[in-house]
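Scroll down for the structure; my scribbles are underneath it.
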Amino acid sequence: MKKKFYVTTAIVYANAIPHIGYANEVLAADVIARYKRLCGFDTFFLTGMDEHSSNVQQKALSMGLDPKKYCDQMADVYKDVWKRLNISYDDFIRTSQERHIQVVQKILRKIYDKGEIYKGFYEGWYCTSCEAFYLESDLKEGKCPVHKIDPKWLKEENYFFRLSNYQDKLLEIIENNPEFIQPNVRRNEIINIIKGGLKDISISRSTFTWGIPCPFDEKHVVYVWVDALINYVSGVGFVLDKKKFKHFWPADVHIIGKDITRFHCIIWPAMLMSAGLELPRKIFGHGFLKIQGEKISKTKGNIIDPLMLIDEFGVDGLRYFLLRHIPFDTDGDFSLEAMKYRFNSDLANDLGNLLNRSLAMCEKYFNAEVPEPGEELQIDKDLKGQVDITCGKLDEYMARLSFNQALASIWELINKANKYIDTTAPWKLFKEDKQRLATVIHNLIETLRIISIFILPFMPGAAQKMWQQLGLKEPVTKQTIKDATWQGIGKNVRIRKDKILFPRIEVE
């Protein structure tokens, strides 16, 4: 049986349109999923939409829609954007689906019967955008630390989960498992929060109706964050598909934004322990995309439509920039100027030029048929050696979710191949040594074959276009990481030079 790998994103909130910040997280999970499939893992990639809350209900009513109808429309919007971005999710879960509702009620009933849910009153500062309560000490100059808006003082009767029961156990798990929360800066933040003391948390609301009814009191609906977290188990068949759940759970990595680590690294593990379920193996809190130092968000009004960027730069151009330009574990600024520079420098000049030059010489010197290689020189061995180096680095960086370094290692191979052309000078060999020329052209085409496999998780469309221009018949998606080794391009291969892969973008 294949080894399994289960990756999730935080499910997107139904009251906001897709923007580049959301796309960045889903793209990262897609790259992980594609890479694991390339490495032979039975991979499951879950994303979806978070539909319940007073905010969603108010948004729907303001548009004259039933909340469910509104969420149906929003789900179609997100699915269309993810399709355009070439996201290969295996399931798109919605929290209004019956399969999810059943699981939420099953888990909460189990925790309630254990005596770890009780009724009480809560009052405190509440951010309507976060859908979360904050302590006075959490506020920044009296405002929500995330959305920078004034919170409301709220008092209502809720059901509470005995989170305080799990303070010592959580601390022990986190301190004994350094990989459980990553990167380390997030891990240290969570440890400090736990050491500061955990209080029981409200898990229900009674002031609105758009939500999952509590199984022990239908006058209350489940708090949106508790509801949303449970998608990670309902999405892989908890209760309804025991075989699937047994195979894929626990999740190998939850990909989330750094602003929601408290929910995922404290509340979620405590809920799982209370329900008798295994904890996820890793929770990774990534940084934010920013514009001039400000987080991209609907609240700030600085959102960027990913479809606009796809129209201008192509889907692979956008994917490459987001993955290469900004380290995933830290905040980074987005700018069109930087994106144009990366596109022209890395994609048009480096990769695109390597492909175009190599195919043009194969077409000109060997009538488009890939020649058989001859005697191997040291420079040829060095190019082969760079392939092995790249494969090793790629595995190391992907394990750390360091996508920018993974791509940088692939570009070392691309630059090595471009230098190989300059050093061997095929245009001179055409006049002086046809046998040596055959070896050089063969090696370039083989290097491009391997590069197309390496870039597959990052730029799947470009990888397939390269594959087709190299004259290879079986789709590149059928390849595995084991195929990204020096094997020789094969016999009777005819290249099919086509349109330029990455045409340069004009810069004013």
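With a ≥ b ≥ c taken as the square roots of the eigenvalues of the C-alpha gyration tensor of the stretch 55-200, please select rounded if a/c is under 1.5 and otherwise prolate if a/b is larger than b/c or oblate if it is not? Could you put the intermediate results ahead of the total?
Details: a/c = 1.45, a/b = 1.31, b/c = 1.10.
Note, shape of the stretch 55-200 comes out rounded.
By count of other Cβ within 10 Å, fewest leading, how are V77, V233 ordered?
Values: V77 13, V233 26.
Starting with the residue having the fewest Cβ neighbours, the order is V77, V233.
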Mind scanning K384/K416; K169/K258; K106/K199; K3/K246 and naming the pairs with a C-alpha gap bigger than 18 Å?
K169/K258; K106/K199
Quick note, the stretch 143-250: a/c under 1.5 would make it rounded; otherwise a/b > b/c is prolate and the rest oblate (a ≥ b ≥ c, C-alpha gyration tensor); here it is oblate
Give the share of C-alpha pairs in each 10 angstrom bin for the chain, from 0 to the last occupied bin, in whole percents, shortest bins first.
4, 17, 26, 23, 14, 9, 5, 2, 0
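For the stretch 212-328, what Kirkwood radius comes out of the mean inverse Cα-Cα distance, in Å? Walk me through the numbers before you get to the answer.
Working: mean 1/r = 0.0579 Å⁻¹.
For the stretch 212-328, the Kirkwood estimate is 17.3 Å.
Taking every DSSP beta bridge with both residues inside the chain, roughly what % is antiparallel (nearest 5)? Walk me through the numbers before you get to the answer.
Numbers: 23 of 45 bridges.
Taking every DSSP beta bridge with both residues in the chain, the antiparallel ones total about 50 percent.
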Bounding extents of the stretch 335-483 in its principal axis frame from Cα atoms, largest first in Å, are 46, 35, 30
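Can you give me the convex hull volume of the Cα atoms of the stretch 424-508, divided per residue and expressed in Å³?
Details: hull volume 11.5 nm³, N = 85.
Residue-normalised Cα hull volume stands at 135 Å³.
Pairs of alpha-carbon atoms within less than 8 angstrom and 6+ residues apart define the contacts here; what relative contact order does the stretch 335-483 have, in percent? Before the final figure, lay out each step's value.
Numbers: 120 pairs, mean separation 38.9, N = 149.
The value is 26 percent.
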Selection from G287, F334, L323, by position along the positive dipole direction of the stretch 280-394 (Cβ):
G287
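By Kyte-Doolittle mean hydropathy of at least 0.5 and Cα axial length of at least 20 Å, which whole DSSP H helices of the chain are selected? Intermediate values should be presented prior to the final figure.
On the way: long enough: 20-38 (26 Å, 0.31); 67-84 (26 Å, -1.37); 98-113 (22 Å, -0.60); 378-399 (32 Å, -0.55); 403-424 (32 Å, -0.18); 434-454 (30 Å, 0.66).
In the chain, the long hydrophobic H runs are 434-454.
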Could you put L307, L318, L383 in order, starting from the residue whose Cβ has the fewest other Cβ atoms within 10 Å?
L307, L383, L318
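Computed from the coordinates by the stated procedures, all read-outs in this text should not be read as laboratory data. Since the model is a prediction, treat every value here as computed from it, not as a measurement. Backbone-built Cβ (ideal geometry, glycine too); neighbour counts: all protein chains shown.
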